[in-house]
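Just below is one structure, and these are the notes that go with it.
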Amino acid sequence: VRSRRQRQMCIRDRLYLGSYGHSALNVLDPATYDPNRGTTVSPLFDGEAAGQDRPFGLAYNPDRDEIYMGSVAIYGQTQGGLAIWDGATGEHEWLTEEIGTDENVVSVAYNPTDKMVYIGTTVDGGLGSEPSGNTAGKLIILDPATRTVVRALDPAGEEREGITGLM
């Protein structure tokens, strides 16, 4: 069993990639990577069962040893989500409607000061989807300890379809 510090060093020594096609999270270990063998980039999970397709935004929370990945829904759907991958266990979970109805997550940032996850959403769903009725992207603040939305607001006005960049 590795200590928390050893796990975090392991995470820091690797490259994590969100990839298109069912919002997959993959890991590349520079020590074993071979550009001629695709199998040296290992899949950790994907979002097919959760109805997810296009990943947007990754953030790491060293306090909880978690990676957060935003996603836009599959073709024809409007419910995106946020994947949470636990570095200690290798398990993941998807939050979809818990984030907000018909919200697609296109940016993610972790704030070490308040220990919250900041999520930017868009009104645009999966390709070929009908408009959901949402009129503006939101800034959503998530408590990663309880997996609950602390606050959702529209900081850019209704004429803005999404909050696409957070830092």
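Run down T148, T89 and say which single residue is out of contact with any helix residue (DSSP H, G or I) (no Cβ under 9 Å at 6 or more places or on another chain), of a type in the set (V, I, T) and more than 21 Å from L44 (Cβ to Cβ).
Values: T89 fails: more than 21 Å from L44 (Cβ to Cβ).
Just a single option satisfies the conditions, and that option is T148.
Would you check if G137 is of a type in the set (G, A, S) and either under 20 Å from A24 (Cα atoms) or within 14 Å of the chain's Cα centre (by Cα) (or both)?
no
Among the residues of segment 14-48 satisfying the criterion of being touching a Phe, Trp or Tyr at 6+ places or on another chain (Cβ under 8 Å) and not in a strand (DSSP E or B), which is surrounded by the fewest Cβ atoms within 10 Å (Cβ to Cβ)?
Among those residues, the one meeting the criterion is T40.
Can you tell me which residues in segment 87-105 are part of a strand (DSSP E or B) and at pLDDT 95 or above?
Scanning segment 87-105 gives H92, E93, W94, L95, V105.
Output the residues belonging to segment 25-40 that are under 11 Å from the mean Cα position of the chain (by Cα) and either free of Cβ contacts under 8 Å to residues at least 60 places away in the same chain or more than 20 Å from W85 (Cα to Cα) (or both).
From segment 25-40, those under 11 Å from the mean Cα position of the chain (by Cα) are 25; that's our starting set.
Across segment 25-40, there are no qualifying residues.
Need pairs with beta-carbon distance below 7 Å; first residue on the phi > 0 side of the Ramachandran plot and within segment 41-66, second open to solvent by 30 Å² or more (accessible area, probe 1.4 Å) and of a type in the set (G, A, S); sequence gap 6+ or separate chains.
Pairs that qualify, where the first residue is on the phi > 0 side of the Ramachandran plot and the partner is open to solvent by 30 Å² or more (accessible area, probe 1.4 Å) and of a type in the set (G, A, S), are D65/A88.
Which residue out of G38, G57 is in contact with a Ser or Thr (Cβ under 6 Å, 6 or more places away or on another chain), more than 16 Å from E91 (Cβ to Cβ) and at pLDDT below 95?
On the way: G38 fails: in contact with a Ser or Thr (Cβ under 6 Å, 6 or more places away or on another chain).
After applying the criteria, what remains is G57.
Take the conditions open to solvent by 50 Å² or more (accessible area, probe 1.4 Å), in a loop (DSSP other than H, G, I, E, B) and among the hydroxyl-bearing types (S, T, Y) and apply them to Y60. Does it pass?
No.
I'm told S71 meets every condition in (1) at positive phi; (2) surrounded by 14 or more Cβ atoms within 10 Å (Cβ to Cβ) except one. Can you identify the failing condition by its number?
(1)
Is it fair to say G81 is closer than 24 Å to D124 by Cβ, open to solvent by less than 40 Å² (accessible area, probe 1.4 Å) and over 14 Å from the mean Cα position of the chain (by Cα)?
Answer is no for this residue.
Of all residues in segment 119-167 being of a type in the set (A, V, I, L, M) and assigned to a loop (DSSP other than H, G, I, E, B), which is modelled with the highest pLDDT?
So the residue we want is A145.
The values are calculated or read from the model by the stated rules, or taken from the named source; none is laboratory data. Only a predicted model underlies this, so the values are computations on that prediction, with no experimental measurement involved. With ideal geometry, Cβ positions are generated from the backbone for all residues, glycine too; neighbour counts draw on all protein chains shown. Only protein heavy atoms, including side chains, enter the accessible area calculation; ligands, DNA and RNA are left aside. Shrake-Rupley method; radii C 1.70, N 1.55, O 1.52, S 1.80 Å.
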